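The next block holds one structure in the form of structure tokens; read it before the comments.
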Amino acid sequence: MIKILVLALALFAGLQLVARFWPLVNSDWPGGQIAPGQTLQSHFSGFYIRRDDLSFAQIKDHILANPRHEIMMQDPRLKVLLRSRFWGFKDIVELWRDESGTHLRGYSSFGGSDWGSNKKRIEAWIAD
């Protein structure tokens, strides 16, 4: 029984280390360009929305209010690395404004799926 417990704790610790220290191999949005006339795009590993009624400054404040953020790029667009609280998974959030509106997308940089976490996060920011 103790061996199983030790093995489970070692597996948990190993997964924590992998999630926290795995390098960013591909930090680009995997979903491709958003189609003209389309305002949102869901992808297995993320969520992308474009609207002209979104406040760039308000969304930026929400992103930077996250205590586990690291700014990767600020110009011409804001690109931020966010980490999940428990596992430390790395998500990328991008925000920029152009003539078609404010663009906001979030996606997982580790693994194949974000389990809907970026969509929930973005919808919460927009709802405020």
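The values are calculated or read from the model by the stated rules, or taken from the named source; none is laboratory data. Small disclaimer: the values here were computed from a predicted structure and weren't measured. We place every Cβ from the backbone using ideal geometry, glycine too, and count neighbours over all the protein chains shown. Ligands, DNA and RNA are stripped out before the accessible areas are found, and what is left, the full protein with its side chains, is counted by its heavy atoms. Shrake-Rupley method; radii C 1.70, N 1.55, O 1.52, S 1.80 Å.
General remarks:
- Every listed requirement among (1) open to solvent by less than 30 Å² (accessible area, probe 1.4 Å); (2) polar (S, T, N, Q); (3) under 9 Å from the mean Cα position of the chain (by Cα) is met by T102 save one, (3).
- Check on G32, closer than 18 Å to S113 by Cβ and in contact with a helix residue (DSSP H, G or I) (Cβ under 8 Å, 6 or more places away or on another chain): no
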